[in-house]
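First the structure, in the form of structure tokens, and then the observations on it.
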Amino acid sequence: MGLFGGRKTVFVDADILVIGGGMAGCGATYESRYWGRDLKIVCVEKANIERSGAVAQGLYAINCYMGMQWGENQPEDHVRYARNDLMGLVREDLGYDIARHVDSTVHKFEEWGLPIMRDPKTGRYQREGKWQIMIHGESYKPIVAEAARKAATEVYNRIMVTHLLMDTGKSNRVAGAVGFNVRTGDFHVFRGKAVIVCAGGASHIFKPRSVGEGMGRTWYAPWSSASAYALPIQVGAKMTQMENRIVLTRFKDGYGPVGAYFLHLKTYTQNGYGEEYEKRWYEDTKALVGDYIDRHPVPTCLRNHAILKEVAAGRGPIRMVTKEAFQDPHKETVGWENFLGMTIGQAVVWASQNIDPKEINPELTTSEPYVMGSHATCSGAWASGPEDYAPAEYQWGYNRMMTVDGLFGAGDTIGGTAHKFSSGSFTEGRIAGKAAVKYVKDMKQAQPQVGEQEYRDLEKVIYQPLENYRVGRNEIVAGTVSPSYLLPIHGLQRLEKIMDEYVGGISTNYMTNGVLLERGLELLAMLKEDMSHMGAEDLHQLQRTWELNHRLLASESVTRHTLFREETRWPGYYYRGDHLKLDDENWHCFTLSRYDRNTGKWEMEKAPVYHIVD
Ligand SMILES: Cc1cc2nc3c(=O)[nH]c(=O)nc-3n(C[C@H](O)[C@H](O)[C@H](O)COP(=O)(O)OP(=O)(O)OC[C@H]3O[C@@H](n4cnc5c(N)ncnc54)[C@H](O)[C@@H]3O)c2cc1C
């Protein structure tokens, strides 16, 4: 298709526009209908909401459930847990808000047909750990999607949203979004009175461990392409804690999950010589982070830290001791089924490498870093908190509204609230949906104005890679190399290499410093310049191009935040070699950034952390 050939422009008006139909997006769509019976609610998704999002990687547990009906945990307990795991820095108002509502979300899931396992003795949900309950995960996303489909006025699948639109009549107010249909190529212009971004986290911004024949395999979903961050960043929304990338300890080569093994099968780890090693690093870690090492449970990053130190000391590999647990046939079945529901690839890797966990203790390794707001990490947009609970400084309007008027978010999109997982993300979507409906109703008839010039200019930019390819391919002399364009895979690998080598990826053992970060920013700027030469062979590659654009902008944000925070807050996630210690005196705070797309400049600032729960 040429630049202007045969493509339709489709205009859609919405009261509430939900971008991304994963867990948070389905929650936002569902709840918006509850409060906005007469509103037009539109959900736009780049895949198909039936199976889309990180949950489509497969789950076996709902990782955030209080169990208040049985007095198991209270919301305050969850705030303490998340705060501890994130080394003191979470938005307690937002976390509490999710925790107090998350049980009702899980009860809805069960009502809608999700099979949740029960303890035959107590009749309660089967616990895998303090916060986790076990489910049959295969049907999870279709069940959740059905609720969203029934609630939405319209669902647009296969639309990759590339940019948000701003109101031409009122500054700092969102007006909608544009994107393209990845199957037909049609250009879509959405106008929305409120926009809720729920576009998931970011994998593939750091070079993955899986290369060559394993390329594309990552722990977090490979299709999580940072749109949740790039879309708000582009329009000047403030971001927080973008330096707080996460590194996961997983089974080697398949990224198979370890949670059920630790919690349910009661397995444990040891070094290559069969020794316990975590205690060995106690004093060393204490010297870096003080008494955070004495907290229970030990923060996730510090457990990674012990593994990294032990391997660097030459006593790898770290292994999971499965041989004992797998002698019990029931546990053996659970161990394998855990992969069946989540990571079949890990079982295939083991089979191909002659690993029977009953006979051999399998290796663990640490993953490349990922950026997200819903797991044991809290990167994302800076959002207004709940009216009844947030400190005044954290409230500037409606719950989960970003610093741009009318722009809301949930799930991986929103920063400061770790450990929400699938159920918490859906819950946060519901919270954002309710607040967005209130915003729209308060606005009464005021319609945001979308500028024709703005979306027509964006249309040219969006489809330009197809034209670059059409013209540039005539210069190909061999293979796929053209002097005139860059393919998305080349741009992606360049981005991953820069982030890996300069911003604390696997090649440097997660180490970086001010000098490396400054150089990383220079190289990212060069890649940014080259993005106008991207060539896309077809619509699929056009989508890859825009995913790369989003990853690139999010990566720049990660790099700037990492440079700004002059301490090593989360050893095991990354290290600032020039500031190797945790520094509570100067950095017990959130980092905030704001990008100005007109000047290309970033402003950085600190924001206070309020401890609301004792
Ligand atoms: C391997 C793995 C294991 C996990 N294990 C568990 C577990 O055991 N228990 C648990 O509770 N949680 C688990 N999680 C976490 C859970 O999946 C996430 O917390 C949750 O899915 C986050 O919800 P979200 O809506 O923010 O993102 P997602 O659910 O990822 O949804 C984002 C949606 O946005 C769409 N999208 C992205 N970009 C665009 C764009 N530009 N335009 C349009 N649409 C777009 C995506 O296609 C997707 O549908 C796991 C996640 C992974 C990857």
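The values are calculated or read from the model by the stated rules, or taken from the named source; none is laboratory data. Because the structure is a prediction, the values reported are computed rather than measured. Note that we place each Cβ from the backbone using ideal geometry, even for glycine, and neighbour counts take in every protein chain shown. Just the protein is used for accessible areas: all its heavy atoms, side chains included, with ligands, DNA and RNA removed. Shrake-Rupley method; radii C 1.70, N 1.55, O 1.52, S 1.80 Å.
Within segment 187-210, the residues that satisfy the criterion of being out of contact with any helix residue (DSSP H, G or I) (no Cβ under 6 Å at 6 or more places or on another chain), more than 10 Å from the ligand (Cβ to nearest atom) and closer than 20 Å to GLY491 by Cβ are HIS204, PRO208, SER210. Test ALA221 against the stated conditions and say whether it is surrounded by fewer than 24 Cβ atoms within 10 Å (Cβ to Cβ) and touching a residue at least 60 places away in the same chain (Cβ under 8 Å). The answer is yes for ALA221. Count of segment 366-381 residues, restricted to those that are in a loop (DSSP other than H, G, I, E, B) and either surrounded by fewer than 24 Cβ atoms within 10 Å (Cβ to Cβ) or among the charged types (D, E, K, R) (or both), is 4.
Selection of first residues in segment 233-257 that are within 13 Å of HIS375 (Cα to Cα) and touching a residue at least 40 places away in the same chain (Cβ under 8 Å) and of second residues that are within 13 Å of the ligand (Cβ to nearest atom) and open to solvent by 10 Å² or more (accessible area, probe 1.4 Å), restricted to Cβ pairs under 7 Å at least 6 apart or on distinct chains, gives the following pairs, ordered by first then second residue: ILE246/HIS375; LEU248/TRP219. Scanning segment 474-490 for residues that are in contact with a strand residue (DSSP E or B) (Cβ under 9 Å, 6 or more places away or on another chain) and loosely packed, with under 12 Cβ neighbours inside 10 Å turns up nothing.
Could you run through segment 297-326 and say how many residues are within 19 Å of LEU263 (Cβ to Cβ) and part of a helix (DSSP H, G or I)? Let's see the steps before the verdict.
Start the filter on segment 297-326 by keeping residues that are within 19 Å of LEU263 (Cβ to Cβ), which leaves 297-304, 306-307, 318-326.
In the following step, the residues that additionally are part of a helix (DSSP H, G or I) were identified as 300-304, 306-307, 325-326.
The qualifying residues number 9.
Restricting GLU556, GLU518, GLU496 to those that are in contact with a His (Cβ under 9 Å, 6 or more places away or on another chain) and at pLDDT 95 or above reduces the list to GLU496. Residues that are part of a helix (DSSP H, G or I) and open to solvent by 60 Å² or more (accessible area, probe 1.4 Å) were ranked within segment 136-152; the one that is farthest from PHE180 (Cα to Cα) is GLU138.
Restricting segment 63-115 to residues that are among the polar types (S, T, N, Q) and closer than 24 Å to TRP570 by Cβ, the residue that is surrounded by the fewest Cβ atoms within 10 Å (Cβ to Cβ) is ASN84. Any chance segment 426-440 includes a residue that's more than 16 Å from the ligand (Cβ to nearest atom), assigned to a loop (DSSP other than H, G, I, E, B) and either of a type in the set (Ser, Thr, Tyr) or in contact with a Ser or Thr (Cβ under 8 Å, 6 or more places away or on another chain) (or both)? Scanning segment 426-440, I find no residue that is more than 16 Å from the ligand (Cβ to nearest atom), assigned to a loop (DSSP other than H, G, I, E, B) and either of a type in the set (Ser, Thr, Tyr) or in contact with a Ser or Thr (Cβ under 8 Å, 6 or more places away or on another chain) (or both), so the answer is no.
Six or more apart or on different chains, Cβ under 6 Å: which pairs go from a residue in segment 466-481 that's in contact (Cβ under 8 Å) with a residue 24 or more places away in the chain to one that's hydroxyl-bearing (Ser, Thr, Tyr) and open to solvent by 40 Å² or more (accessible area, probe 1.4 Å)? Could you list them? Going by the 6 Å Cβ cut-off, the qualifying pairs are GLY472/SER484.
Has segment 28-35 got any residue that is under 27 Å from MET342 (Cβ atoms), open to solvent by less than 20 Å² (accessible area, probe 1.4 Å) and either in contact (Cβ under 8 Å) with a residue 24 or more places away in the chain or in a loop (DSSP other than H, G, I, E, B) (or both)? Walk me through how you get there before you give the answer.
Kept after step one, since they are under 27 Å from MET342 (Cβ atoms), are these residues of segment 28-35: 28-30.
Now restrict to residues that are open to solvent by less than 20 Å² (accessible area, probe 1.4 Å): 28-29.
With the extra rule that they be either in contact (Cβ under 8 Å) with a residue 24 or more places away in the chain or in a loop (DSSP other than H, G, I, E, B) (or both), the set shrinks to 28-29.
For segment 28-35, residues under 27 Å from MET342 (Cβ atoms), open to solvent by less than 20 Å² (accessible area, probe 1.4 Å) and either in contact (Cβ under 8 Å) with a residue 24 or more places away in the chain or in a loop (DSSP other than H, G, I, E, B) (or both): present.
Going through (1) open to solvent by 20 Å² or more (accessible area, probe 1.4 Å); (2) in a helix (DSSP H, G or I) one by one, VAL155 falls short only on (2).
So which residues in segment 284-296 are touching a helix residue (DSSP H, G or I) at 6+ places or on another chain (Cβ under 9 Å) and either part of a helix (DSSP H, G or I) or surrounded by 12 or more Cβ atoms within 10 Å (Cβ to Cβ) (or both), if there are any at all?
The first filter runs over segment 284-296 and keeps only residues touching a helix residue (DSSP H, G or I) at 6+ places or on another chain (Cβ under 9 Å), leaving 284-286, 288-290, 292-296.
Result: ASP284, THR285, LYS286, LEU288, VAL289, GLY290, TYR292, ILE293, ASP294, ARG295.
Among residues that are away from the ligand (no atom under 15 Å from the Cβ), of a type outside the set (Phe, Trp, Tyr) and in contact with a His (Cβ under 7 Å, 6 or more places away or on another chain), GLU76 is not included. Return a yes/no flag: does segment 26-36 have any residue that is farther than 30 Å from ALA446 by Cβ, in contact with a Lys or Arg (Cβ under 8 Å, 6 or more places away or on another chain), within 11 Å of the ligand (Cβ to nearest atom) and among the aliphatic types (A, V, I, L, M). No: segment 26-36 contains no residue that is farther than 30 Å from ALA446 by Cβ, in contact with a Lys or Arg (Cβ under 8 Å, 6 or more places away or on another chain), within 11 Å of the ligand (Cβ to nearest atom) and among the aliphatic types (A, V, I, L, M). Counting the residues of segment 490-522 that are within 21 Å of the chain's Cα centre (by Cα) and of a type in the set (A, V, I, L, M) gives 6. Quick one: is LEU407 at pLDDT 95 or above and either touching a Pro at 6+ places or on another chain (Cβ under 7 Å) or surrounded by fewer than 20 Cβ atoms within 10 Å (Cβ to Cβ) (or both)? Yes. Could you check, for segment 386-405, whether at least one of its residues is on the phi > 0 side of the Ramachandran plot and within 15 Å of the ligand (Cβ to nearest atom)? Yes, segment 386-405 contains at least one residue that is on the phi > 0 side of the Ramachandran plot and within 15 Å of the ligand (Cβ to nearest atom).
When you look at ALA56, is it in a helix (DSSP H, G or I), more than 9 Å from the ligand (Cβ to nearest atom) and open to solvent by less than 50 Å² (accessible area, probe 1.4 Å), yes or no? Please lay out each step first, then the result.
On the way: in a helix (DSSP H, G or I): yes; more than 9 Å from the ligand (Cβ to nearest atom): no; open to solvent by less than 50 Å² (accessible area, probe 1.4 Å): yes.
So ALA56 does not fit the description; no.
Only one of these is open to solvent by 20 Å² or more (accessible area, probe 1.4 Å), farther than 24 Å from ASP93 by Cα and outside any loop (DSSP other than H, G, I, E, B): TYR469, TYR463. Name it.
Numbers: TYR463 fails: open to solvent by 20 Å² or more (accessible area, probe 1.4 Å).
Exactly one residue qualifies, and that residue is TYR469.
Hey, any hits in segment 529-536 for a residue that's away from the ligand (no atom under 16 Å from the Cβ), at pLDDT 95 or above and closer than 23 Å to GLY380 by Cα? For segment 529-536, residues away from the ligand (no atom under 16 Å from the Cβ), at pLDDT 95 or above and closer than 23 Å to GLY380 by Cα: absent.
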